[in-house]
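Just so you know, all these numbers are worked out from the coordinates, no wet-lab data involved. Just so you know, these numbers come straight off a predicted model, no measurement behind them. Counting neighbours? That spans all protein chains shown, and the Cβs are built from the backbone with ideal geometry, glycine included.
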Amino acid sequence: MPAFVQDLVEATADAQQTQSLAPLRTFVHTWGAFVAIQRHPSRAARLRHLEEVVSAGEDDPTDAIAEIREIHSEAEAEAGL
């Protein structure tokens, strides 16, 4: 929750400063996808694993990156983004 609140406060301040809703839209998009991923523990665990594979830099990350994109796309669709 602290990260959520911090991101919301920052997005709100940015929106006020720039007089644009874009920071709030980005906030909703980011957190909507995050929640959609976390609603499925196996999908969240798979994403963490794939992120570790990419971060380790030991293997070719192409397949892992493609699957990460797929997970995010599915989550965005579920969240209506």
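Go through D14, D63 for me and flag whichever is in a helix (DSSP H, G or I), surrounded by 15 or more Cβ atoms within 10 Å (Cβ to Cβ), acidic (D, E) and out of contact with any strand residue (DSSP E or B) (no Cβ under 8 Å at 6 or more places or on another chain).
Working: D63 fails: surrounded by 15 or more Cβ atoms within 10 Å (Cβ to Cβ).
Every option except D14 fails the conditions.
If I filter segment 27-43 down to residues being among the aliphatic types (A, V, I, L, M) and surrounded by fewer than 17 Cβ atoms within 10 Å (Cβ to Cβ), which single residue comes out as nearest to E70 (Cα to Cα)?
V35
Quickly run through segment 1-22 and pick out the residues that are over 24 Å from E70 (Cα atoms) and not aliphatic (A, V, I, L, M).
Hits for segment 1-22 are P2, Q6, D7, E10, T12, D14, Q16, Q17, T18, Q19, S20.
So, A33, is that one without any contact (Cβ under 8 Å) to a residue 40 or more places away in the chain and of a type in the set (A, V, I, L, M, F, W, C) or not?
no
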